[in-house]
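**Student:** Mind looking over this structure? Questions follow.
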Amino acid sequence: MKGPLNIWRLIRTGATFQRTGAMGVVLDALDAPPQLRLAARVIGFPFAWLGKKGDPDLPPVTRAITALGPAYIKFGQILSTRPDVVGAELADQLQYLQDKLPPFPTEVARKMIEEELGRPVDEMFTEFSEPVAAASIAQVHRARLAVDGSEVAVKVLRPKIERAFRTDLDAFHFSAAVIEFLLPQTRRLRPQEVVAHFESVVMGELDLRLESASASEFAENTQNDEGFVVPRVRWGHSGKTVMTLGWGEGIPANKLEDIRTSGLDMDRLGERVLQLFLSHALRDGLFHGDMHQGNLKFAPNGDIIALDFGIMGRIDEYTRRVYAEILYGFIMRDYTRVAEVHFEAGYVPADRDVEEFARALRAVGEPIFGMDATQISMGRLLNYLFEVTEKFGMETRTELILLQRTMVVVEGVARSLNPHINIWQVAKPVVESYITNSIGPKALLADLAKTARVLARFGPRLPALAEAALIAQSTPAPDHDRARPLRAMGYVALGGGLSLAAVWISTLL
């Protein structure tokens, strides 16, 4: 029954996009040909009444997505980190996608907590509030632990949310296959891979033990970062559907007037937000992948408090070095080196011309560096850089796309606090420090020491491994496919029989 149900969901989704005016925006983002645009309007118009109306005060795409429900809202949030797929303009719209849904009853939340943790809520908490925030996947309650009296935030998944998401995910996979079939030019964007990436992200968010683990690891990495706080995970009060963190008391980063009247140094806060993000990405390889204003608070003493660790970005050590060299090359305006790094890392095919690529990079960087310091945008640079690398055949790298998109969001947060911030001046010491520690002589010695440790560990086995490799190289591989003619004949006979049966059945019908 999944096939007919997916077709109905696809019709309902298309009708909602048509009714809200989002269809045209999406077709523009996908660069659909004129014939398809016309076909979509002609076919979609009669079915528009089947679509949901949504909130007319929202932009078309966000209006359609919020009307379609939690899975679509979360999918829109993930797509906001993929401007390579939906385009920069649509990604900006999705960035502000509303993630506020009506909360579910507190009694239901209390029952879920008791089922997950195996104890009565009143035994674990002396206080337990009504929902203080409700999103597409979970809602948050403010509470006080009975064990030590500390204030905590208790995050509880929406009831039956996993089943609802799995149902919609099946429809997303079906829709991606249809899009690739109807729009061949979208295959370079790999819609089915995008949906698979979304599935992996959202399935991780539906297990709050994984989010707790991310928060715990992030807290360990950043414990020595002055002025940055990750609330402590309370493992005894957390599970698959419940997560309990220390309560972060502070002013939300989107309440600019409250921050201004509090006396906090907004210029310094803007610089610290940007520098801390770069430090986490380059130094640790683990960064907050959803670091927008709604996930940051500022404590009365000026500490930056991070919240919501459902989307975390990871970058391996080699990629971090490559990214730092690219960033540093742009800061120093050494476009030849930036081009060489792309080729050395294999990001750009080897058959392309390095000098031509360097000229294209100069065309991206110089206009930006010619601007006033307050107009220089690292986000704009990264968007332009993506356009250039795409023209030179660079394949999409999901981890870098998330890093670039988060960089754009963090820059927006920094500029909201300090409109006159000089992005390059603030970023330069962080990147220089990483370059010194990770690419210079110190790094070379560390790499050699690490290699020596690995060789020492496998030392007793090295002779046997070398001998096995030499024997394998000198021994021709057996041809497994040549000696089974009977099996091949059997497959041919089976195929012929099935074909004859199908023809016979069709004549009877």
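**Student:** Just to be sure, is A414 small (G, A, S), open to solvent by less than 30 Å² (accessible area, probe 1.4 Å), part of a helix (DSSP H, G or I) and at pLDDT 70 or above?
**Tutor:** Numbers: small (G, A, S): yes; open to solvent by less than 30 Å² (accessible area, probe 1.4 Å): yes; part of a helix (DSSP H, G or I): yes; at pLDDT 70 or above: yes.
Considered against the rule, which asks whether it is small (G, A, S), open to solvent by less than 30 Å² (accessible area, probe 1.4 Å), part of a helix (DSSP H, G or I) and at pLDDT 70 or above, A414 comes out as yes.
**Student:** Go through the stretch 201-218 and report how many residues are buried (at least 19 other Cβ atoms within 10 Å of the Cβ) and modelled with pLDDT of 90 or more.
**Tutor:** 6
**Student:** Test of understanding: among A29, A48, A15, which residue is closer than 18 Å to L90 by Cβ and either surrounded by 15 or more Cβ atoms within 10 Å (Cβ to Cβ) or at pLDDT 70 or above (or both)?
**Tutor:** A29
**Student:** Please enumerate the residues belonging to the stretch 260-285 that are open to solvent by less than 50 Å² (accessible area, probe 1.4 Å) and either part of a strand (DSSP E or B) or farther than 29 Å from E217 by Cβ (or both).
**Tutor:** Scanning the stretch 260-285 gives a single hit, M266.
**Student:** A follow-up question, please. Go through the residues of the stretch 172-187 one by one and say whether even a single one is closer than 24 Å to R119 by Cα and charged (D, E, K, R).
**Tutor:** no
**Student:** Which one of these does I65 not meet: (1) modelled with pLDDT under 75; (2) among the β-branched types (V, I, T); (3) crowded, with 17+ Cβ neighbours inside 10 Å?
**Tutor:** (1)
**Student:** When both residues are 6+ apart or on different chains and their Cβ atoms are under 9 Å apart, which pairs have a first residue that lies in the stretch 350-361 and is under 10 Å from T389 (Cβ atoms), and a second that is among the basic types (K, R)?
**Tutor:** Between residues of the stretch 350-361 that are under 10 Å from T389 (Cβ atoms) and residues that are among the basic types (K, R), the close pairs are A360/K391.
**Student:** Still on this structure: Have a look at P103, P120, P70 and point out the one that is under 25 Å from K240 (Cβ atoms) and modelled with pLDDT of 95 or more.
**Tutor:** Matching residue, one of P103, P120, P70: P120.
**Student:** Kindly evaluate V388 against the criterion of being in a helix (DSSP H, G or I), modelled with pLDDT of 80 or more and surrounded by 10 or more Cβ atoms within 10 Å (Cβ to Cβ).
**Tutor:** Numbers: in a helix (DSSP H, G or I): yes; modelled with pLDDT of 80 or more: no; surrounded by 10 or more Cβ atoms within 10 Å (Cβ to Cβ): yes.
Taking the combined requirement at face value, the residue does not satisfy it.
**Student:** F343 passes all but one of (1) open to solvent by 30 Å² or more (accessible area, probe 1.4 Å); (2) at pLDDT below 85; (3) in a helix (DSSP H, G or I); which number fails?
**Tutor:** In the conditions (1) open to solvent by 30 Å² or more (accessible area, probe 1.4 Å); (2) at pLDDT below 85; (3) in a helix (DSSP H, G or I), F343 misses (2) alone.
**Student:** Given the condition modelled with pLDDT of 80 or more, surrounded by fewer than 16 Cβ atoms within 10 Å (Cβ to Cβ), assigned to a helix (DSSP H, G or I) and of a type outside the set (F, W, Y), answer yes or no: does some residue in the stretch 363-370 qualify?
**Tutor:** Yes - at least one qualifying residue is present in the stretch 363-370.
**Student:** If you scan the stretch 123-139, which residues turn out to be farther than 17 Å from P105 by Cβ and surrounded by fewer than 17 Cβ atoms within 10 Å (Cβ to Cβ)?
**Tutor:** Matches in the stretch 123-139: E123, T126, E127.
**Student:** Can T406 be described as modelled with pLDDT under 65, closer than 15 Å to Y323 by Cα and surrounded by 15 or more Cβ atoms within 10 Å (Cβ to Cβ)? Before the answer, list the steps.
**Tutor:** Values: modelled with pLDDT under 65: no; closer than 15 Å to Y323 by Cα: yes; surrounded by 15 or more Cβ atoms within 10 Å (Cβ to Cβ): yes.
Taking the combined requirement at face value, the residue does not satisfy it.
**Student:** Then there's this: Kindly indicate the residue of the stretch 292-319 that is farther than 23 Å from S416 by Cα and out of contact with any Asp or Glu (no Cβ under 9 Å at 6 or more places or on another chain) and also surrounded by the fewest Cβ atoms within 10 Å (Cβ to Cβ) among those meeting that condition.
**Tutor:** Y318
**Student:** Working carefully through the options G250, G289, find the one that is touching a helix residue (DSSP H, G or I) at 6+ places or on another chain (Cβ under 6 Å) and either buried (at least 19 other Cβ atoms within 10 Å of the Cβ) or farther than 26 Å from Q404 by Cα (or both). Quick ask: steps written out before the conclusion?
**Tutor:** On the way: G250 fails: touching a helix residue (DSSP H, G or I) at 6+ places or on another chain (Cβ under 6 Å).
Within the list G250, G289, the selection yields G289.
**Student:** Let me ask something else. Which numbered condition trips up D148, out of (1) open to solvent by 70 Å² or more (accessible area, probe 1.4 Å); (2) at pLDDT below 95; (3) over 21 Å from G248 (Cα atoms); (4) more than 21 Å from the chain's Cα centre (by Cα)?
**Tutor:** Only one criterion is unmet by D148, namely (3).
**Student:** How many of the residues in the stretch 222-245 are in contact with a strand residue (DSSP E or B) (Cβ under 6 Å, 6 or more places away or on another chain) and assigned to a helix (DSSP H, G or I)?
**Tutor:** 1
The values are calculated or read from the model by the stated rules, or taken from the named source; none is laboratory data. Bear in mind the structure is a predicted one, so any value in this text is a computation, not a measurement. Ideal geometry is used to build each Cβ from the backbone, glycine not excepted, and the neighbour counts take in all protein chains shown. Calculation scope for accessible area: heavy atoms of the full protein, side chains included, ligands and nucleic acids excluded. Shrake-Rupley method; radii C 1.70, N 1.55, O 1.52, S 1.80 Å.
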